Protein chains: 2
Amino acid sequence: MHKLALSKAFTLIEPGPVVLVTTHDGTKSNIMTISWTMVMGFGAEFALTTGAWNHSYAALRASRECVIAIPTIDMLDTVVGIGTCSGRDTDKFQKFGLTALPGKEVGAPLIKECLANIECRVTDIVTRHNIVVLEGVAAYYDRARREKRLLHAVGDGTFIVDGRKFDRRKMMRAKLPPGV
Amino acid sequence: MHKLALSKAFTLIEPGPVVLVTTHDGTKSNIMTISWTMVMGFGAEFALTTGAWNHSYAALRASRECVIAIPTIDMLDTVVGIGTCSGRDTDKFQKFGLTALPGKEVGAPLIKECLANIECRVTDIVTRHNIVVLEGVAAYYDRARREKRLLHAVGDGTFIVDGRKFDRRKMMRAKLPPGV
């Protein structure tokens, strides 16, 4: 797990992958699968939509911290499994054989098996819309990992995998933020 | 362009594609390229992050309407082109050879060349975060279109195309909303 500049963290979320979000409630760590995320700025600002229907929400609201972990295609069944059981009665790190690594800035753990991790603080909760606003405070990327293709949830039980990549950096140069 | 059930509209946004958003200011139509979107519910509820830095924002705020149009891989250079010029001095429908079709519920136009279109009303603007909250009121999908692969912006000037699809409907059955 290598340090990633916070100015690049939004490029992990902008393509719209399904992500894992870890929390720690003071006693236990938990993980949720989330697709409802949004980049809100180039400075590692993100939004999630979640609420009381999600067991992790209480820990997220109380601790005001979480980690966004980015899984890859080889983790598809783990991602679906995490999304279809509850931290209420399941230790998901144990059940899915995942390794919790301590974060530097927040109490929620990183997931070692993921391609990337972003430690986040909750800066606001827009309660009328169930929007949790996050600011990344540290980011990591596993450069040694061979599988880098992300997963995209369609929402109907199917998932699409990253395919080919196209480069339009020249056309977009004037629009790209510094440090990307 | 065939009608799509509103209960399925979120499946167009959940995989995180780059989208085109049209507005109409009473005189002219405009288009912006946006990657900062989020699903907020199964009932065609969405968020965008945008603000005064975007020429379309004034029309979006004043009309409280827009259309989210979903482009595909064959439209990559159109998507990048729309994102790198401004409605201030450019008629983007004309410049990019796009066909504006009238919406049924809103004044903003559909884009005929896109795979899908969602007519939306602005239900709220969370000004402190530049979050525009939308509700889909009609949706369309071009079933006859052969190219269906969506584009995902990385944010660094590169774009990733939809690859293989995996089916996990059985595992997820209990979690899927009705009508999907």
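The values are calculated or read from the model by the stated rules, or taken from the named source; none is laboratory data. Because the structure is predicted, anything quoted here is derived from the model rather than measured. FYI the Cβ positions are ideal-geometry reconstructions off the backbone, even for glycines, and counts take in every protein chain you see.
Set side by side, the residues B:S35, B:S86, B:S56 differ, and just one is under 12 Å from the mean Cα position of the chain (by Cα) and either of a type in the set (S, T, Y) or on the phi > 0 side of the Ramachandran plot (or both), which is B:S35.
Tallying residues that are at the interface with chain A (Cβ under 9 Å from one of its Cβ atoms), in contact (Cβ under 8 Å) with a residue 24 or more places away in the chain, among the hydrophobic types (A, V, I, L, M, F, W, C) and assigned to a loop (DSSP other than H, G, I, E, B) within the range B:1-58 yields 2. Only one of the numbered conditions (1) within 11 Å of chain B (Cβ to nearest Cβ); (2) without any contact (Cβ under 8 Å) to a residue 60 or more places away in the chain; (3) in contact with a Gly (Cβ under 9 Å, 6 or more places away or on another chain) is violated by A:G81, and that is (3). Residues considered: B:R61, B:R128, B:R121. Of these, the only one that is in contact with a strand residue (DSSP E or B) (Cβ under 8 Å, 6 or more places away or on another chain), free of Cβ contacts under 8 Å to residues at least 60 places away in the same chain, of a type outside the set (D, E) and part of a helix (DSSP H, G or I) is B:R128. Mind checking whether some residue in the range B:89-100 is among the basic types (K, R), on the phi > 0 side of the Ramachandran plot and without any contact (Cβ under 8 Å) to a residue 60 or more places away in the chain? No, every residue in the range B:89-100 fails to be among the basic types (K, R), on the phi > 0 side of the Ramachandran plot and without any contact (Cβ under 8 Å) to a residue 60 or more places away in the chain. When each of B:K92, B:K148 is tested for being of a type outside the set (F, W, Y) and surrounded by fewer than 21 Cβ atoms within 10 Å (Cβ to Cβ), the lone residue that passes is B:K148. Identify all residues within the range A:57-89 that are surrounded by 23 or more Cβ atoms within 10 Å (Cβ to Cβ) and within 11 Å of A:N30 (Cα to Cα); write none if there are none. Within the range A:57-89, A:A59, A:L60, A:C66, A:V67, A:I82 qualify.
Of all the residues in the range B:135-151, those that are closer than 28 Å to A:V133 by Cα and within 11 Å of chain A (Cβ to nearest Cβ) number 2. On the basis of being in a strand (DSSP E or B) and not β-branched (V, I, T), does B:C85 make the cut? For B:C85, the condition - in a strand (DSSP E or B) and not β-branched (V, I, T) - is not met. Kindly evaluate A:P109 against the criterion of being more than 30 Å from B:L6 (Cα to Cα), within 14 Å of chain B (Cβ to nearest Cβ) and of a type outside the set (K, R). It is false that A:P109 is more than 30 Å from B:L6 (Cα to Cα), within 14 Å of chain B (Cβ to nearest Cβ) and of a type outside the set (K, R). Can you confirm whether the range A:119-134 contains a residue that is modelled with pLDDT under 95 and either surrounded by 15 or more Cβ atoms within 10 Å (Cβ to Cβ) or of a type in the set (D, E) (or both)? No; the residues of the range A:119-134 include none that is modelled with pLDDT under 95 and either surrounded by 15 or more Cβ atoms within 10 Å (Cβ to Cβ) or of a type in the set (D, E) (or both). Among residues of the range A:152-180 that are touching a residue at least 60 places away in the same chain (Cβ under 8 Å) and more than 7 Å from chain B (Cβ to nearest Cβ), those with a Cβ under 6 angstrom from a residue that is crowded, with 17+ Cβ neighbours inside 10 Å and not charged (D, E, K, R), sequence gap 6+ or separate chain, pair up as A:P177/A:F42.
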